[in-house]
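S.K.: If you scroll down you'll find the structure; I have some questions about it.
No lab work stands behind these numbers, since they all come straight from the coordinates. Computed from a predicted structure; not experimentally measured. As a convention, Cβ positions derive from the backbone with ideal geometry for all residues, glycine included, and neighbour counts pool all protein chains shown.
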């Protein structure tokens, strides 16, 4: 089972574009949180988590399909593997 972190940057975008992206990513199985140990933490804005059987290319293609739904130019970075973090807020915190 792969663990992927996906960064999507929308160019010349508004907050509403990211809201659309968040929904499209969620529809494709991406989360805006990460589970570490017994806790869930919020990822930085524009970053998503995917855990499952897939290749980096498949994950990139899924993220591209979600980004295309915004009708904005975009850039995507997919990484796979062990993750380390510091100062991520708990998932119970409110997003801005």
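S.K.: Do you know which residues across segment 6-21 are more than 13 Å from residue 62 (Cα to Cα) and either within 11 Å of the chain's Cα centre (by Cα) or surrounded by 15 or more Cβ atoms within 10 Å (Cβ to Cβ) (or both)? Give the derivation first.
M.R.: Taking segment 6-21 and keeping what is more than 13 Å from residue 62 (Cα to Cα), we get 9-20.
Result: 9, 10, 13, 17, 18, 20.
S.K.: Moving to a separate point now. Give the residue that is farthest from residue 7 (Cα to Cα), with candidates limited to residues of segment 34-45 that are touching a strand residue (DSSP E or B) at 6+ places or on another chain (Cβ under 9 Å) and surrounded by fewer than 16 Cβ atoms within 10 Å (Cβ to Cβ).
M.R.: Step one: list which residues in segment 34-45 are touching a strand residue (DSSP E or B) at 6+ places or on another chain (Cβ under 9 Å), which gives 34-35, 39-44.
Applying the additional criterion that residues be surrounded by fewer than 16 Cβ atoms within 10 Å (Cβ to Cβ) yields 35, 39-40, 44.
Details: 35: 17, 39: 22, 40: 18, 44: 9 Å.
In this case the residue turns out to be 39.
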